[in-house]
Amino acid sequence: MADGDVQFEVREGTGYLRLMRPTALNALSPQMIAVITEQLSAWRDDASVQALDISGEGRAYCAGADVRWMRSTMIENGVQSALEFLADEYAMDAVVAQFGKPVTTHLHGVAMGGGLGLGMHGATRVATADLAMAMPEVGIGLWPDVGMLFEFSRLPGEIGTWLALTGLTIDANTALAAGLVDQVDLMSAKPDLDLAWVDDYFVGDDAREIITRLEASSDERAVQAGELIRTRSPLSVAVSLAAIRRAATLHSVGDVLDQDLAIARALLPDPQCDFVEGVRAQLVDKDRQPHWSVARIEDIDPDKARAIVG
């Protein structure tokens, strides 16, 4: 880890964690995850530290875990190295979720993936107007992990399912209306946004039926959601749906993080896993033309997705 990738400070009883890797949009490297876990564990057990404040330097809060590194180590060293990375990341998320003291997270610019796992659980979430929030994992062959399906499965109606299956990036107004942030700087009232439309389309346990409803709709919002899902890994979409349904039955963020690790252990070694190809297309070659292992959602057996989730 380069010196200064994470900054820690205690002032007046509050521990301040600031991500300091702005040239990489504060993406979480293995070394960053290790030092964050160690320091937050110490602060959790230190009676003189009474609160935690999390933020990021530069134009982004955090773009997520360093999945390009994860892809490289998976190719060079095998699946087990990627699984160890995810296990360490989920352990860090669990420390925050179980911190037991007030946590405030400042979300600005890009706030995605692993950054949300670090900063969302049990926290007061303060956003700025330039927020671009997403769990975009279905676009790289994964599923919304880092415990976020605990949050998504408890949003009103089917908002969480909509976000999980599309990987959509939402702005501050939408995040506030959905209940994913608690306040937006300089905004005095909760925005009056209609998100109830998603409920008619994203119900049920079969992704094939969801995409059929979306594509048959006369509502442009539904049609656009269907078009977006069509660009995602079909296996990831099916796994994400099974995972959010099961997450709704679990009792804690820790339980969902355990589910995430079980999914990773089942999905990453699967010959149809799209992670390596998804990251290539989105973040390495950036051609945005992934060649998914299965071309269409209709060709994914929901029973396989449920078996991966467990």
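Listing for the model above:
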read-out	value
Members of the stretch 215-229 that are surrounded by fewer than 19 Cβ atoms within 10 Å (Cβ to Cβ) and touching a residue at least 60 places away in the same chain (Cβ under 8 Å)	228
Selected residue (criterion: modelled with the highest pLDDT) from residues of the stretch 179-202 that are exposed (fewer than 14 other Cβ atoms within 10 Å of the Cβ) and of a type in the set (A, V, I, L, M, F, W, C)	196
Residues of the stretch 30-62 classified as buried (at least 19 other Cβ atoms within 10 Å of the Cβ) and polar (S, T, N, Q), total	1
Filter pass, residue 84 being over 20 Å from residue 261 (Cα atoms) and assigned to a helix (DSSP H, G or I)	no
Yes/no for residue 145 being in contact with a helix residue (DSSP H, G or I) (Cβ under 9 Å, 6 or more places away or on another chain), touching a residue at least 40 places away in the same chain (Cβ under 8 Å), surrounded by fewer than 23 Cβ atoms within 10 Å (Cβ to Cβ) and of a type outside the set (Gly, Ala, Ser)	no
Options 138, 126, 79: the member that is of a type outside the set (Ser, Thr, Tyr), within 30 Å of residue 47 (Cα to Cα) and modelled with pLDDT of 95 or more	126
Matching residues in the stretch 72-93 - criterion: being buried (at least 19 other Cβ atoms within 10 Å of the Cβ) and either touching a Phe, Trp or Tyr at 6+ places or on another chain (Cβ under 7 Å) or within 16 Å of residue 32 (Cα to Cα) (or both)	82, 85, 86, 89, 90, 92, 93
Filtered residue count, the stretch 251-310, keeping only those that are outside any helix (DSSP H, G or I), surrounded by fewer than 18 Cβ atoms within 10 Å (Cβ to Cβ) and β-branched (Val, Ile, Thr)	1
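The values are calculated or read from the model by the stated rules, or taken from the named source; none is laboratory data. The structure displayed is predicted, hence computed values, not measured ones. Neighbour counts run over all protein chains shown; Cβ positions are idealised from the backbone, glycine included.
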